[in-house]
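**Student:** Quick one: the structure is below, questions incoming.
Coordinate-derived values only; no laboratory data. The shown structure was predicted, so the numbers you read here are calculated from the model rather than taken from an experiment. Virtual Cβ from ideal backbone geometry, glycine too; neighbours counted across all protein chains shown.
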Amino acid sequence: MRDTDEALFRAVHGIAGRLAGQPVPVVMDALWRQLPKAPGLDAVEIRRIAEEISVGRDPSGL
C-alpha cells in the first residue's frame with residue numbers, strides 16, 4: 001500500500017509541475033492516463049486533484 005501511495009504522490013507531483021494553470025479537463029485527462037490505479041481513486045477525487053492543479057497548487061505535498 002505504501003508503494004502505491006508513493007507512486008500516486010509522485011505522479012500527481014509530476015503532473016502538477018507540468019500542467020499547473022491548465023484547464024481542469026486537460027489536467028483530468030492527464031491524471032486519468034498517468035495515475036496508477038488505486039482504491040478510492042474515483043472520478044470525484046480525480047476532479048478535485050485536477051481543480052487544485054489547474055489553479056497552480058500541487059496537492060501531492062511533495
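**Student:** How high is the relative contact order of the stretch 2-54? Use alpha-carbon pairs under 8 Å, at least six apart in sequence, and give a whole percent.
**Tutor:** Contact order relative to length: 48 percent.
**Student:** Charges only on Cβ, +1 for Lys and Arg, -1 for Asp and Glu: so what's the dipole of the stretch 2-54 about the Cα centre, in debye to the nearest 20? Walk me through the numbers before you get to the answer.
**Tutor:** On the way: 7 positive and 8 negative charges, 28 e Å.
Approximately 140 debye in magnitude.
**Student:** How large is the direction-averaged shadow of the alpha-carbon convex hull of the chain, in nm²? Show your work: numbers first, answer last.
**Tutor:** Details: hull surface 14.4 nm².
That works out to 3.6 nm².
**Student:** Further question: Multiply the residue separation of residue 5 and residue 32 by 0.36 nm, subtract the distance between their alpha-carbon atoms, and state the gained length in nm to one decimal. Spell out each step's value before the answer.
**Tutor:** Working: separation 27, 0.36 × 27 = 9.72 nm, distance 1.59 nm.
Length difference between fully extended and current span is 8.1 nm.
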